[in-house]
Amino acid sequence: MTRRPPYEPWRETTGEFRWRLGVRPLDLERWIEIGDNAAHELALKAEIMSSHPSTAFCALEHTEDEAQEVLEVLVAHLEEVHPSHAATVKVDADLHPLDAAGRLIQEDLVLMVERDERLVFGAGSVCFPNRWDLQSKLGLSMSEVHEPVALLNEQLGPVIDDVLRRLTPDRPMWRLGWGVIDTDDLYQAVDGTAAPRPVDAPASAHHLRIERETLRRFPRTNCVLFTIRTHQLPLPDLVDIDQMSAVALADAIESMPIPIAEYKQLDRSGNDIADWLRSSA
């Protein structure tokens, strides 16, 4: 059965596309999303971790304390809010705590830690990257992490820094991101380990990729955890479900400045996708 996408952030685009942080308060009861496809995605994570461990996980030295705090809080959350899911998963005590945490849930995890009075990328468990390289981010500040993202630091850099400064354990936040991609394969690493991309995929073969991110600071170690939950939907399903949403997506794609369209890899296909969405709707 075709399902409506859980979020539709492209409908918030007005005028020329700009990066929007769009953070909002997070109800901790909804910190982690457990979907009907949890068993499938956890099995896929285990397969990726087995086949490409250095692509999907990395950590600075001496990040175990921060990651252990995250792991303990996550396990307690699952037991309280998602007890049926908690009963199906088990912590592997032989792993780095963030690696162990990432294997319990569908979300990818990025851990930021305090080093030399800077918040830096300390560890990551990322099985479903949207064509970015985990290893290259290790040890970087948030602005350095975002340097390859066209116009992001220019439009949002100071805002992101301010949000992280104001983030406290009792004020978690969440936000949304989206893109359109030419495959339904969640594993989109860029180090040559992912499946080859389709050649000249037609618009109808593209998929929406929606990312729900949460930001949470932890009190004992002052670390910050980003969770990234990826949802995907074939574009024909969106057209069938909501023609107005499909047209709004076409508008948002066409409104992207060239640098952002290039970053999202829609500079060559974007107009064709937008035309297809409108004609199908």
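The values are calculated or read from the model by the stated rules, or taken from the named source; none is laboratory data. Quantities reported herein were computed from a predicted structural model and do not represent experimental measurements. All Cβ positions, even for glycine, are placed from backbone atoms using ideal geometry, and neighbour counts span all protein chains on display.
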Every pair of residues 6+ apart whose Cβ atoms lie under 7 Å, when the first sits in region 119-132 and is closer than 14 Å to Tyr187 by Cβ while the second is aromatic (Phe, Trp, Tyr) and assigned to a strand (DSSP E or B): Ser125/Phe57
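Run down Glu16, Glu80 and say which single residue is more than 19 Å from the chain's Cα centre (by Cα) and in a helix (DSSP H, G or I).
Glu80
Take region 102-119 and flag every residue that is outside any loop (DSSP other than H, G, I, E, B) and surrounded by fewer than 19 Cβ atoms within 10 Å (Cβ to Cβ).
Of everything in region 102-119, those that are outside any loop (DSSP other than H, G, I, E, B) and surrounded by fewer than 19 Cβ atoms within 10 Å (Cβ to Cβ) turn out to be Glu114, Arg115, Arg118.
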Among (1) without any contact (Cβ under 8 Å) to a residue 60 or more places away in the chain; (2) in contact with a helix residue (DSSP H, G or I) (Cβ under 9 Å, 6 or more places away or on another chain), the one test that Ile160 misses: (1)
Check on Ala43, in a helix (DSSP H, G or I), modelled with pLDDT of 95 or more and over 24 Å from Phe218 (Cβ atoms): yes
Does at least one position in region 175-183 carry a residue that is within 22 Å of Tyr263 (Cα to Cα) and surrounded by fewer than 16 Cβ atoms within 10 Å (Cβ to Cβ)? no
Here are some conditions: (1) under 15 Å from the mean Cα position of the chain (by Cα); (2) surrounded by 15 or more Cβ atoms within 10 Å (Cβ to Cβ); (3) in a loop (DSSP other than H, G, I, E, B). Ala150 meets all but one. Which one does it not meet? (1)
Scan region 120-133 for residues that are out of contact with any helix residue (DSSP H, G or I) (no Cβ under 7 Å at 6 or more places or on another chain) and either in a loop (DSSP other than H, G, I, E, B) or of a type in the set (Lys, Arg) (or both) and jot them down. Phe128, Pro129, Arg131, Trp132, Asp133
Mind counting the residues in region 1-48 that are farther than 26 Å from Val81 by Cα and of a type in the set (Phe, Trp, Tyr)? 3
State all residues of region 4-45 that are among the basic types (Lys, Arg) and touching a helix residue (DSSP H, G or I) at 6+ places or on another chain (Cβ under 8 Å); if no residue qualifies, say none. Arg4, Arg11, Arg18, Arg20, Lys45
Could you say whether any residue in region 56-64 is within 13 Å of Leu98 (Cβ to Cβ), in contact (Cβ under 8 Å) with a residue 12 or more places away in the chain and of a type in the set (D, E, K, R)? yes
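Quick one: which residue in Asp162, Asp185, Asp94 is acidic (Asp, Glu) and either within 24 Å of Phe17 (Cα to Cα) or part of a helix (DSSP H, G or I) (or both)?
Asp162
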